[in-house]
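Participant: Once you've had a glance at the structure underneath, I'll fire off some questions.
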Amino acid sequence: MNFPLSFTPNRENKPRKAGQTMVIDKGLTCIEAEGMAQDAGDYIDYVKLGFGTSLVTKNLQKKIDIYKNNGITPYFGGTLFELFIVRGQFNEYQKFLEQYGVNTAEVSDGSMFMPTEDKLNYIKELKKNFNVISEVGSKDASVDIPIAKWIESIKAELEAGSQKVITEARESGTIGIYKKDGSPNTELIDTIIKNFDSNQIMWEAPNKPQQAMFIKMLGANVNLGNVATNEVIALEALRMGFRGDTFFQFLPENLKQK
């Protein structure tokens, strides 16, 4: 911090296991990526090059190197993985990761149908050479996944070798762990919290009310993903209690105004 304000939560320095922030890059220029990495890089653990943008991003290697040189782990969104899989090009997907020096792979099945056994086998195979993050949940709002299936899938993917499981919400925050209006699916979220170590879960929370909800529920060091590139510092302020939504969250009781 620029000044040691009292009564603020402790935040681990990078590389950290808790309180990670995953930012979604939907098409930043290299100049924009450099600026974000330099000014907000301390608060960013992962940058996901969203959906299939890495296939049409000019100067892709330069952007990847910008992130890596600033202590940020870049990786390609799960939709890219699915684009290769639906075409039967799993080996080519791995070559693409290797070509650009990307050491983290996201495995998802949000856009296409994929048998559970196949998804787990992809995780097991990829973990031999990459750090694997997987995602549970569909991008199709009409697909209703029972809560028991969410729990079963998260458990199986962690056991298969996924280091973290992302809970689907899309960049709009209106699907998966949220309802169409962006409000939380509290029963689903509560059940996931009861069944897993919070460090194993990356909650997609693109909108401020969603971020504030998780900070209030699980503290400043909750893992949050799909954060907009221009909201990184604002999220860190939210984590620290420097915004109205979490203003009283970390103060002692005698300083809280009733």
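The values are calculated or read from the model by the stated rules, or taken from the named source; none is laboratory data. Model, not experiment: these values are computed from the prediction. Glycine gets a Cβ as well: all are built from the backbone with ideal geometry, and neighbour counts include every protein chain shown. Side chains included, ligands, DNA and RNA excluded: accessible areas come from the protein's heavy atoms. Shrake-Rupley method; radii C 1.70, N 1.55, O 1.52, S 1.80 Å.
Participant: With a cut-off of at least 1 residues that are open to solvent by 60 Å² or more (accessible area, probe 1.4 Å), name the strands (runs of 3 or more DSSP E) lying wholly within region 4-87.
Facilitator: Hits in region 4-87: none.
Participant: Is there any pair with a first residue in region 196-214 that is within 18 Å of SER134 (Cβ to Cβ) and a second that is among the basic types (Lys, Arg) whose Cβ atoms are under 9 Å apart and which are 6 or more apart or on different chains, and what are they?
Facilitator: PHE196/LYS155; ASN199/LYS17; ASN199/LYS164; GLN200/LYS164; ILE201/LYS164; MET202/LYS164; GLU204/ARG170
Participant: Still on this model: Do we find that VAL222 is crowded, with 19+ Cβ neighbours inside 10 Å, β-branched (Val, Ile, Thr) and touching a Ser or Thr at 6+ places or on another chain (Cβ under 6 Å) in this structure?
Facilitator: no
Participant: Next question. Could you tell me which numbered condition MET114 fails, if it satisfies all but one of (1) more than 20 Å from ARG87 (Cβ to Cβ); (2) in a loop (DSSP other than H, G, I, E, B); (3) hydrophobic (A, V, I, L, M, F, W, C)?
Facilitator: Of (1) more than 20 Å from ARG87 (Cβ to Cβ); (2) in a loop (DSSP other than H, G, I, E, B); (3) hydrophobic (A, V, I, L, M, F, W, C), only one is false for MET114: (1).
Participant: What are the residues in region 134-161 that are aliphatic (A, V, I, L, M), within 15 Å of LEU188 (Cβ to Cβ), open to solvent by 10 Å² or more (accessible area, probe 1.4 Å) and not in a loop (DSSP other than H, G, I, E, B), if any?
Facilitator: ILE147, ALA148, ILE151 - these are the residues of region 134-161 that are aliphatic (A, V, I, L, M), within 15 Å of LEU188 (Cβ to Cβ), open to solvent by 10 Å² or more (accessible area, probe 1.4 Å) and not in a loop (DSSP other than H, G, I, E, B).
Participant: Do we find a residue being closer than 15 Å to PHE76 by Cα, surrounded by fewer than 20 Cβ atoms within 10 Å (Cβ to Cβ), without any contact (Cβ under 8 Å) to a residue 40 or more places away in the chain and of a type outside the set (Gly, Ala, Ser) anywhere in region 166-183?
Facilitator: No - not one qualifying residue is present in region 166-183.
Participant: Continuing with this model, one more query. Just for region 88-111: of the residues that are closer than 16 Å to ASN131 by Cα and assigned to a loop (DSSP other than H, G, I, E, B), which one is most open to solvent (accessible area, probe 1.4 Å)?
Facilitator: Once the filter is applied, the top-ranked residue is ASN103.
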